[in-house]
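Following: one structure in structure tokens, then a few remarks.
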Amino acid sequence: MKPEEHIEEPISLSLTQYTGPWTEWEASHLLRRTMMGPTYAQIQQAVTNGMVNTVNTLLTLPTTNPPLTYSTDEAVAPIGSTWVTSVYPAANPSVTDNARGNSLGAWMMQRCNQQTMSIQEKMCLFWTNHFGVEGSADARGIYNLHELYRQQCLGNFKQLVKDVTIEPMMLIFLNGTTNNAFSPNENYARELLELFTVGKGPQIGPGDY
């Protein structure tokens, strides 16, 4: 049967290990679900390695090399070195931050388009969507937040929530920077419960769950 003629079976939710066929079709289906876009060579390698080894490889998180400077608009870190631990210059910091933002964007696209066989980038995107942090264009802040997602993407959710709570990007996004005992701000507490963890319960009145 050709791949395009494959008939989808009804979804069966079970923790029992899959024991069906492991062909190019099954391998490509798994890699498309867990990666941004597998190459044909990666699909072939997955078939050769077998299902169990492929799954183990996908769930092994590689270390990441940070983005590098490639623009002369970067005023601190030399070309070819990383800027993620560099300070911002006193003069025209926005120009440097734009250069770092471009570097970060190019680095992220490279990681997606030249991906190793790992679920890491797909899970980084998943957690980025789950927590939905916005509010700052600071390239270093975005990098650090995404690195948190990458390193903890398959770990303990409770710990991830704790760490996200004190991330500078989240503190800015949901008003943690202005929340104090004299002027409480409930924005993060509400989002934490309604969106990030417990979810909304039955609505018992307008705006009341």
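Read-outs: derived from the displayed coordinates by stated rules, not from any lab. These numbers come from a predicted model, not from an experiment. All Cβ positions, even for glycine, are placed from backbone atoms using ideal geometry, and neighbour counts span all protein chains on display.
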Seminar exercise, completed: To the nearest 0.05, the calculated FRET efficiency linking ASN65 and THR39 through their beta-carbon distance, R0 being 25 Å, is 0.75
For this session: Give me D for the stretch 125-209 in µm² s⁻¹, whole number, from Stokes-Einstein with Rh from the Kirkwood sum over alpha-carbon pairs, 10 °C and 1.306 mPa s.
Result: 114 µm²/s
Problem set entry | the stretch 116-174 shape via C-alpha gyration tensor axes, a/c threshold 1.5 | oblate
For this session: Would you please give the FRET efficiency between THR57 and MET109, computed as 1/(1 + (r/R0)^6) with r the Cβ-Cβ distance and R0 = 22 Å, to the nearest 0.05?
Result: 0.45
Exercise. When the Cα centres of the stretch 65-135 and the stretch 157-209 are compared, how far apart do they sit, in Å?
Worked result: 27 Å
Exercise. Once amide H atoms are placed 1.01 Å from N in the peptide plane, what residues at a sequence separation of 5 or more from THR82, or on another chain, have their amide H within under 5 Å of its amide H?
Worked result: THR69
Exercise. How many nm separate the modelled label positions at THR116 and TYR209, each set 7 Å beyond the Cα in the direction of the Cβ?
Worked result: 3.9 nm
For this session: Only helical DSSP H runs with n ≥ 4 go in: add -39500 (n - 2.57) per run for the chain, normalise by residue count and round the 222 nm mean residue ellipticity to 500 deg cm²/dmol.
Result: -14000 deg cm²/dmol
Exercise. Longest span of the chain, sites excluded, free of GluC sites (Glu not before Pro) in DSSP loop with at most 15 other C-beta atoms within 10 Å?
Worked result: 9-133
Exercise. With the Cα gyration tensor of the stretch 72-170 giving a ≥ b ≥ c as the square roots of its eigenvalues, does the rule (a/c under 1.5 for rounded; else a/b larger than b/c for prolate; else oblate) give rounded, prolate or oblate?
Worked result: oblate
Exercise. Distance in nm between label sites at VAL198 and SER81, each 7 Å beyond Cα in the beta-carbon direction?
Worked result: 4.9 nm
Seminar exercise, completed: Per DSSP, the loop-located chymotrypsin sites (Phe, Trp or Tyr not before Pro) within the stretch 133-187 having at most 10 other beta carbons within 10 Å are PHE182
Problem set entry | Helix axis angle, 93-113 relative to the chain longest principal axis, alpha carbon, degrees | 10 degrees
For this session: Calculate how steeply helix 40-49 sits against the longest principal axis of the alpha-carbon atoms of the chain, using the helix alpha-carbon long axis, and give the answer as 0 to 90 degrees to the nearest 10.
Result: 60 degrees
